[in-house]
1. Can you work out ³J(HN,Hα) from phi for every residue in the stretch 33-46, in order, using Karplus 6.51 cos²θ - 1.76 cosθ + 1.60 and θ = phi - 60°, giving whole Hz and x for Gly and Pro?
2. 5 Å is the cut-off here: which amide hydrogens, built 1.01 Å from N in the peptide plane, fall below it relative to residue 91, excluding neighbours closer than 5 in sequence?
3. Roughly how many debye, to the nearest 20, is the charge dipole of the stretch 13-105 about its Cα centre, given +1 on each Lys and Arg Cβ, -1 on each Asp and Glu Cβ, and no other charges?
4. What is the sum of charges around residue 27, taking Lys and Arg as +1, Asp and Glu as -1, for the other residues whose C-beta is under 14 Å from the C-beta of residue 27?
5. Let's test the formula: R0 of 25 Å, r as the Cβ-Cβ distance of residue 92 and residue 29. What FRET efficiency results, to the nearest 0.05?
6. List, in order, the whole-Hz ³J(HN,Hα) value for each residue of the stretch 91-102 obtained from phi through the Karplus relation with A = 6.51, B = -1.76, C = 1.60 and θ = phi - 60°; use x for Gly and Pro.
7. Give, in nm to one decimal, the length gained when the segment between residue 41 and residue 16 is fully stretched (0.36 nm per residue of separation minus the Cα-Cα distance).
8. Find the centroid of the Cα atoms in the stretch 17-57 and in the stretch 87-116, then give the distance between the two in whole Å.
Amino acid sequence: MHNLMLLLHNAEQNPNIPTLEPGDTVRVHTLIVEGEKERVQVFQGVVIRVRRGGANSSFTVRRIASHGIGVERTFLFASPRVEKVEVLRHAKVRRARLYYLRGRTGKAARLRERQA
C-alpha cells in the first residue's frame with residue numbers, strides 16, 4: 001500500500017499540458033469514451049484556478065454555455081485523458097482564484113490581455 005501511495009504521489013505530469021496560470025484562455029482536448037467508441041471533445045474557457053499538489057494537481061476551466069449558463073470543469077494535470085491543451089491568450093490578473101467571474105456576465109466578465 002505504501003508503494004502505491006508513493007507511485008501516485010510521484011505521478012508524472014501529462015507532457016501535453018503546458019504551464020498554466022489563472023486568467024489564461026485555454027482550449028482543452030479531452031478523450032471521451034462512449035460505450036465502444038472514443039472521441040475527442042474540446043472545452044474552451046478561462047482558467048479560474050490552478051491547484052498544485054503532486055498527483056492531485058488540477059486546473060479548473062470556466063466557459064459560458066448557451067443561454068448564459070456558466071459551466072466549470074476540472075482537469076487533472078496527470079490525467080492521460082487530456083490529449084492536448086492550447087493556450088490561446090494570457091490575461092492580466094491580480095489574484096490566484098478568479099471565483100469572482102462566477103457572478104459576472106457579458107462584458108463585465110472580460111479580462112485584459114497581458115502585454116508580452
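What follows is calculated from the coordinates using simple rules that are stated; it is not laboratory data. Note that the structure is a prediction, hence the values are computed from the model and not measured. We place every Cβ from the backbone using ideal geometry, glycine too, and count neighbours over all the protein chains shown.
1. 10, 10, x, 8, 8, 10, 8, 9, 10, 9, 10, 10, x, 9
2. 24, 25, 114
3. The calculation lands at about 580 debye.
4. Spelling it out: positives minus negatives among the neighbours equals +2.
5. 0.45
6. Each residue of the stretch 91-102 in turn: 10, 8, 10, 10, 9, 8, 10, 9, 5, 5, 5, 5 Hz.
7. Gain in length upon complete extension: 7.5 nm.
8. 18 Å
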